[in-house]
Amino acid sequence: MASQYGVLKGMLTGTAAERDLDNPHYILKLKGEDNRKFTAQINVRSTDTTKPDLLYYVTDKFDARAITILPELGLGFHDIDYHNEINGEIAVDFIRSGLFNPNEMSIVPHDRIGSDNDLNDFIDKNMQLALNNPDAVVYVYGTLYNRNGIHNVHMNQGNSRIAAGENGTFHDGCVLIQFKDRWVVYFLAFQTQSWCTDDNGKPDPDSLDNGFPTGECRFDTVKTTLQPENVQV
């Protein structure tokens, strides 16, 4: 994988919700080390129009005992390369890290008429609490591009129809918010991604049917073993 995977630790200074149909994102503006500005793009809709809505899971019941390393990091972007032992202890893998149960994810459209009923709304709810809040720190897992941009803030394995070149293990994207008294964590994935992958993050050959996960390789049927007490994020 050529992309520079890692985690950005920053203070949230701005947000924007995109609600068009042309590859929309929820945008985060963050301040890192020495007031360095970053922009993180969180996908809220897939470019695969056959199943454009994303899989979404958020929790504010995240086991704080597991979060032991991130608060010790300085502000800014930190490289992660699990396979070459570069900050591998904080790498994220939706399938192997046991951070959450994918069976509890929901399929959520990016835009609906009304309030608090679509993916932009759900992400925005806690981001507004973190915005310009000195007691809130945001961690964005993804890949660095153009020095100050973060993207691929979603599962990055099990791809076959789109972005197969991004497949890998222990380089999934997500967002965590550390408030003074609690953590909020967002996990996003695409419906086209298989939850049965090999050591290179490629979908198992028998896990797909016409480009979509099937059987026990769907998010809602995959069997998982949660071991949050062993995860050091």
One-quarter of the Cα convex hull surface for region 1-131, in nm²?
9.7 nm²
Counting other Cβ atoms within 10 Å of each Cβ, which trypsin sites (Lys or Arg not before Pro) in region 139-225 have at most 12 and sit in a DSSP loop?
ARG147, LYS180, ARG182, LYS223
Length gained when the stretch GLN128-ASP20 is fully extended (0.36 nm per residue, less Cα-Cα span):
36.8 nm
What is the distance, in nm, between label points placed 7 Å from the Cα along the Cα-to-Cβ direction at ARG182 and at ALA164?
4.3 nm
Under the 7 Å Cα-to-Cβ spin-label approximation, GLU216 and LYS61 lie apart by a distance in nanometres of 2.5 nm
When only alpha-carbon atoms are used, what values of Rg and Dmax, in angstrom, describe region 85-233?
16.1, 49
Please list 136-143, 200-207 highest first by mean number of surrounding beta-carbon atoms within 10 Å per residue.
136-143, 200-207
Take a quick pass over the chain and tell me how many lysine pairs come in under 17 angstrom between Cα atoms, counting only ones 8 or more apart or on separate chains.
9
Dipole magnitude (debye, nearest 20) for the chain, charges at Cβ of Lys, Arg, Asp, Glu
540 debye
Calculated from DSSP helices alone, with each H run of at least 4 adding -39500 (n - 2.57) and the total divided by the residues of the chain, [θ]222 nm to the nearest 500 comes to -1500 deg cm²/dmol
Net charge near GLY173 (other residues with Cβ under 12 Å of its Cβ; Lys, Arg +1; Asp, Glu -1) is -3
Dividing the mean separation of Cα pairs under 8 Å (6+ apart) by the residue count of region 27-102 yields a relative contact order in percent of 20 percent
Can you tell me how much longer the chain between ILE113 and ASN148 gets when fully stretched, taken as 0.36 nm per residue apart minus their C-alpha distance, in nm with one decimal?
9.3 nm
Skip the ligands, DNA and RNA, and give the accessible area per residue of region 79-206 with a 1.4 Å probe, whole Å².
42 Å²
Once ASP34, ASP116 are ranked on solvent-accessible area with the largest value leading and a 1.4 Å probe, the list reads ASP34, ASP116
Quick one: the Cα spread of region 70-131 along its three principal axes, in angstroms, biggest first?
46, 30, 15
Out of the total accessible area of the chain (probe 1.4 Å, heavy atoms of protein only), what percent is carbon and sulfur?
45 percent
Provide the per residue accessible area, probe 1.4 Å, for region 1-76, rounded to a whole number of square angstrom.
48 Å²
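The values are calculated or read from the model by the stated rules, or taken from the named source; none is laboratory data. This one's a predicted model, so the numbers in the text were calculated from it and none came from an experiment. Please note: Cβ atoms are built from the backbone with ideal geometry, for glycine as well, and neighbour counts cover all protein chains shown. Heavy atoms of the whole protein, side chains included, go into the accessibility calculation; ligands, DNA and RNA do not. Shrake-Rupley method; radii C 1.70, N 1.55, O 1.52, S 1.80 Å.
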